[in-house]
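Below is one structure; the comments refer to it alone.
The values are calculated or read from the model by the stated rules, or taken from the named source; none is laboratory data. Bear in mind that the values here come from a model prediction, so they are computed numbers and not experimental data. Positions of Cβ are generated from backbone atoms using ideal geometry, with glycine treated the same way; all protein chains shown enter the neighbour counts. The protein model used for the area step is the full one, side chains on, heavy atoms only, and it has no ligands, DNA or RNA in it. Shrake-Rupley method; radii C 1.70, N 1.55, O 1.52, S 1.80 Å.
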Amino acid sequence: IMYCKPLQGEAKLLYEMSQVDPKPYDAAIEAIFAKYMNRHQNMRSYFSLDSIMLEVAQLPLFVDAIWNNCVPQVASPDGVSDYRLGVIFKADTEAKTIQRVYIVNNSLEKGQVLVEKKYDTDFVSRTRRQCEGHDE
């Protein structure tokens, strides 16, 4: 007989977040990205982070958000950099929140491409601490 341990800590939070349908949140973020990604074809490396943040902050279920653009990153050999946008949303039901991270590749060759969306329990506060120099 095997006994299952109840989920605790981060695993429990990730499980609870995964029970909320992310499609409405992702669709809203993707619509905003679509307006700004690859907008300036002659400047492939330019990405309107500030404009995107202003629109994300206007979303109805928005709580908090941050880009990782203030965190030092190592450039990849092929010239592709990753930007990560962490957004905390109010969940439709109850008083819980979910935190989604949207990963965008930015390259001179292909421009900006949204490559991944995932749940995260601490991206926004961790990135904010790093930006303020309080975390490694």
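Here the spin labels are modelled as points 7 Å beyond Cα on the Cα-Cβ line, and at residue 49 and residue 18 they lie 3.0 nm apart. Across the accessible surface of the chain, with the other protein chains kept in place and a 1.4 Å probe, carbon and sulfur atoms take up 53 percent. Along the chain, counting only trypsin sites (Lys or Arg not before Pro) with a DSSP assignment other than H, G, I, E or B and at most 16 other Cβ atoms inside a 10 Å radius, the longest segment between sites is 45-95. Here the simple spin-label model places points 7 Å from the Cα toward Cβ, and for residue 113 and residue 90 these points are separated by 3.7 nm.
Per residue, the chain exposes an accessible area of 64 Å² to a 1.4 Å probe, with every protein chain left in place.
Straight-line cross-link partners of residue 96 among the lysines, defined as a Cα under 22 Å from its Cα and at least 8 positions apart when in the same chain: 12, 23, 117, 118.
Calculated from the structure, Rg and Dmax of the Cα atoms in Å equals which of (i) 14.8, 46; (ii) 16.2, 62; (iii) 16.6, 64? The calculated read-out lines up with (iii).
Is it possible to state the helix-based mean residue ellipticity at 222 nm for the chain, with each DSSP H run of 4+ residues giving -39500 (n - 2.57), the sum divided by total residues, to the nearest 500 deg cm²/dmol? What is it? Only helices count here, giving -9000 deg cm²/dmol.
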